[in-house]
């Protein structure tokens, strides 16, 4: 018994400390590797995931295709009108497609109804009516395709939009003009039968239900 060597207490404690240190180092390396793997996976997932656009808009090709289908592909000058509107205003985030009728002998009125379609998804039924005045004679019935800019939501369409004086133009069988209220800009494009001479100034009131009073 007396001849058995006794373990050196200092050496034993040093060995234990070294072992604990090695275990701590191994755990730290494993933790770091795990974080690195998760970060790489998250980065790869974010790169693969499609970017969510907060304010989706229509391209010129999309609008031309929709308007061409709506007008039946027979409207002359449609591509040129669409290109001009895009060059001046950029990409819209909604459009209205519908029909309207109007008539005037200096003082006139216009009535229409259609569907508001937004790039974000929601749609809404919309009616419009309003007076016109100016060197304006005749009557017409027309299909109307209206580009809508800076519309924050479908409810924002239900208000009065004054016409922008001097903004009307005609290319081929398509006529267009500008209406604006605050930041929201409307560009109705019309193709139809009838005769309207000259330019007119006025406004259109867009409503949820038909209102036969144009004022």
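The values are calculated or read from the model by the stated rules, or taken from the named source; none is laboratory data. This structure is a prediction, so every number in the text was calculated from the model and none was measured. Methodologically, a virtual Cβ is constructed for each residue, glycine included, from the backbone with ideal geometry; neighbour enumeration extends over all protein chains shown.
Is it the case, given these coordinates, that residue 104 is at pLDDT below 90 and buried (at least 17 other Cβ atoms within 10 Å of the Cβ)? Against the criterion (at pLDDT below 90 and buried (at least 17 other Cβ atoms within 10 Å of the Cβ)), residue 104 qualifies. Of all residues in region 57-97, those satisfying the criterion of being at pLDDT below 95 and in a loop (DSSP other than H, G, I, E, B) are 72, 73, 74, 75, 76, 77.
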